[in-house]
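The values are calculated or read from the model by the stated rules, or taken from the named source; none is laboratory data. Fair warning: this is a prediction, and the values are worked out from it, not measured in the lab. Neighbour counts are summed over all protein chains in view; Cβ atoms, including those assigned to glycine, are modelled from backbone coordinates with ideal geometry.
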Ligand SMILES: C[S@@+](CC[C@H](N)C(=O)[O-])C[C@H]1O[C@@H](n2cnc3c(N)ncnc32)[C@H](O)[C@@H]1O
């Protein structure tokens, strides 16, 4: 799905995934050590703003300039600042880091991008740094409660285990959970959830 597609969606008056962070990120965020955090496909910034509120310097990357403008507005309304980067993850690099945390919440990118991006994330995490990811899995196609319809945008735990070399999985599971995060992610959904850290 292109940046133009997301720009149109994010121009709607309401925040389409809401202003509150993703449930899994909220629960797991205390595991991220102090320091800079990178958000992949962060859209309108609900998760970035939450982490900034915990004291992390946050960089949020997304292909949608409209989404990131809304993210900065949300940050300002909460009295925090975030750094935003408009870029396509197909060719953007997470930079040298080291990042104390990297998060990817419902950032559904094609397998060709995942194969390059996720190993790179593992490289640029700081020792002790934590990666937090939640994504719909291919099983979600049967639920119809949100997420992309293209199977290649959906990933499994087995794939992620192969794409994050050197990280230790503290949480790695596929499950069905009730997701109430805006009108587009609404109802029982099949997800993969990962918390993985880089050994010191
Ligand atoms: C379902 S939304 C999730 C937004 C946000 N993470 C959240 O949880 O509210 C997916 C986001 O991934 C972004 N995205 C998808 N493919 C991308 C790419 N190739 N480069 C940059 N951003 C991308 C979209 O622009 C969109 O903002």
Taking segment 103-146 and keeping only residues that are over 23 Å from residue 32 (Cα atoms), at pLDDT 95 or above and within 9 Å of the ligand (Cβ to nearest atom), one is left with 109, 110, 113
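In a helix (DSSP H, G or I), away from the ligand (no atom under 13 Å from the Cβ) and either over 14 Å from residue 104 (Cα atoms) or touching a strand residue (DSSP E or B) at 6+ places or on another chain (Cβ under 9 Å) (or both), is that true of residue 8?
Values: in a helix (DSSP H, G or I): yes; away from the ligand (no atom under 13 Å from the Cβ): no; either over 14 Å from residue 104 (Cα atoms) or touching a strand residue (DSSP E or B) at 6+ places or on another chain (Cβ under 9 Å) (or both): yes.
Against the criterion (in a helix (DSSP H, G or I), away from the ligand (no atom under 13 Å from the Cβ) and either over 14 Å from residue 104 (Cα atoms) or touching a strand residue (DSSP E or B) at 6+ places or on another chain (Cβ under 9 Å) (or both)), residue 8 does not qualify.
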Restricting the search to segment 17-35, which residues are assigned to a loop (DSSP other than H, G, I, E, B) and either within 15 Å of the chain's Cα centre (by Cα) or on the phi > 0 side of the Ramachandran plot (or both)? 17, 18, 19, 20, 21, 22, 32, 35
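Determine if segment 169-176 includes at least one residue that is within 16 Å of the ligand (Cβ to nearest atom) and either closer than 29 Å to residue 14 by Cα or in contact (Cβ under 8 Å) with a residue 60 or more places away in the chain (or both).
If we filter segment 169-176 for residues that are within 16 Å of the ligand (Cβ to nearest atom), which is where we start, we get none.
No - not one qualifying residue is present in segment 169-176.
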Could you please find all residues in segment 27-45 being surrounded by fewer than 24 Cβ atoms within 10 Å (Cβ to Cβ) and in contact with a helix residue (DSSP H, G or I) (Cβ under 7 Å, 6 or more places away or on another chain)? 29
State whether one or more residues within segment 161-178 are buried (at least 18 other Cβ atoms within 10 Å of the Cβ), in a helix (DSSP H, G or I), on the phi < 0 side of the Ramachandran plot and in contact with a helix residue (DSSP H, G or I) (Cβ under 7 Å, 6 or more places away or on another chain). yes
With the checklist (1) more than 10 Å from the ligand (Cβ to nearest atom); (2) in contact with a helix residue (DSSP H, G or I) (Cβ under 8 Å, 6 or more places away or on another chain) in hand, flag the one item residue 21 doesn't pass. (1)
I'd like to check which helices (runs of 4 or more DSSP H) are fully inside segment 38-151 and have at least 3 residues that are over 14 Å from the mean Cα position of the chain (by Cα) and in contact (Cβ under 8 Å) with a residue 24 or more places away in the chain. 65-77, 111-124
